[in-house]
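A.B. asks: So that we are looking at the same thing, I have put the structure below in structure tokens.
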Amino acid sequence: MTTKRTGRPPGRRPTKFYNERFEDYVSPEPNSGCWLWDGGGERQAGHCQIEFNGRWQYVHRFAFERYCGPIPPGLCVCHKCDVPCCVNPDHLFLGTRADNNTDMKQKGRQVNGIKHGLAKLTPEQVLAIRNSTGSVAKRYSVSRHTIWAIRKRKAWQHLSSE
């Protein structure tokens, strides 16, 4: 299905649109200084994506390239403000995945253990698994790999066994 006016599928905007009208879809937030993207697009973990030059791209990466220049291969565009839909170039910086993960941990944004939305186990169950022997995966409705990771302290590392 295409629209009569443009001949494109609904919701798809041409490359020229984002180049010329980007600021029309940014709402400055006076308290934080964030520029919040308000132009729609697909959402992936809170980050908006737009189709640009025939491929999907995160809006914060588009903004960085628009205001700061090209992004070298292998680097991430990270947020100082931790607001996924912020496109303020002053809030964006380049870093590796390791830099981004370190930043996340230092700011206390890493979700682990029971706080994780997909967690199936409680801290008490994890401690019981660590102290158990044999196959207990069925008893706790988790995979054998999960049991191995708990026992080797590759999962639930933050949980002390004392």
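The values are calculated or read from the model by the stated rules, or taken from the named source; none is laboratory data. Every value quoted in this text rests on a predicted model; they were computed, and no experiment measured them. All Cβ positions, glycine included, derive from the backbone under ideal geometry; neighbour counts span all protein chains shown.
A.B. asks: So in the stretch 82-91, with the set limited to residues that are part of a loop (DSSP other than H, G, I, E, B) and hydrophobic (A, V, I, L, M, F, W, C), which one is modelled with the highest pLDDT?
C.D. replies: Selected residue: 87.
A.B. asks: Right, another one. Among the residues of the stretch 7-51, write down those that are of a type in the set (A, V, I, L, M, F, W, C) and either at pLDDT 75 or above or touching an Asp or Glu at 6+ places or on another chain (Cβ under 7 Å) (or both).
C.D. replies: 22, 26, 34, 35, 36, 37, 48, 50
A.B. asks: Pairs please, first residue from the stretch 21-44 and at positive phi, second anywhere and of a type in the set (A, V, I, L, M, F, W, C) and modelled with pLDDT of 85 or more, Cβ atoms under 8 Å, 6+ apart in sequence or on different chains.
C.D. replies: Taking only residues 6 or more apart or on different chains, the pairs are 33/81; 41/59.
A.B. asks: Return a yes/no flag: does the stretch 145-160 have any residue that is at pLDDT 75 or above, of a type in the set (Ser, Thr, Tyr) and exposed (fewer than 15 other Cβ atoms within 10 Å of the Cβ).
C.D. replies: No, there is no match, as no residue in the stretch 145-160 is at pLDDT 75 or above, of a type in the set (Ser, Thr, Tyr) and exposed (fewer than 15 other Cβ atoms within 10 Å of the Cβ).
A.B. asks: Out of 137, 128, report the one residue that is farther than 30 Å from residue 78 by Cβ, at pLDDT 85 or above, out of contact with any helix residue (DSSP H, G or I) (no Cβ under 7 Å at 6 or more places or on another chain) and not assigned by TED's automatic domain parsing to the domain that holds residue 80. Let's see the steps before the verdict.
C.D. replies: Values: 137 fails: out of contact with any helix residue (DSSP H, G or I) (no Cβ under 7 Å at 6 or more places or on another chain).
128 is the lone residue from the list that is farther than 30 Å from residue 78 by Cβ, at pLDDT 85 or above, out of contact with any helix residue (DSSP H, G or I) (no Cβ under 7 Å at 6 or more places or on another chain) and not assigned by TED's automatic domain parsing to the domain that holds residue 80.
A.B. asks: Here is a follow-up. Identify all residues within the stretch 92-120 that are more than 22 Å from residue 37 (Cβ to Cβ), hydrophobic (A, V, I, L, M, F, W, C) and either touching a Lys or Arg at 6+ places or on another chain (Cβ under 6 Å) or modelled with pLDDT of 80 or more (or both); write none if there are none.
C.D. replies: 98
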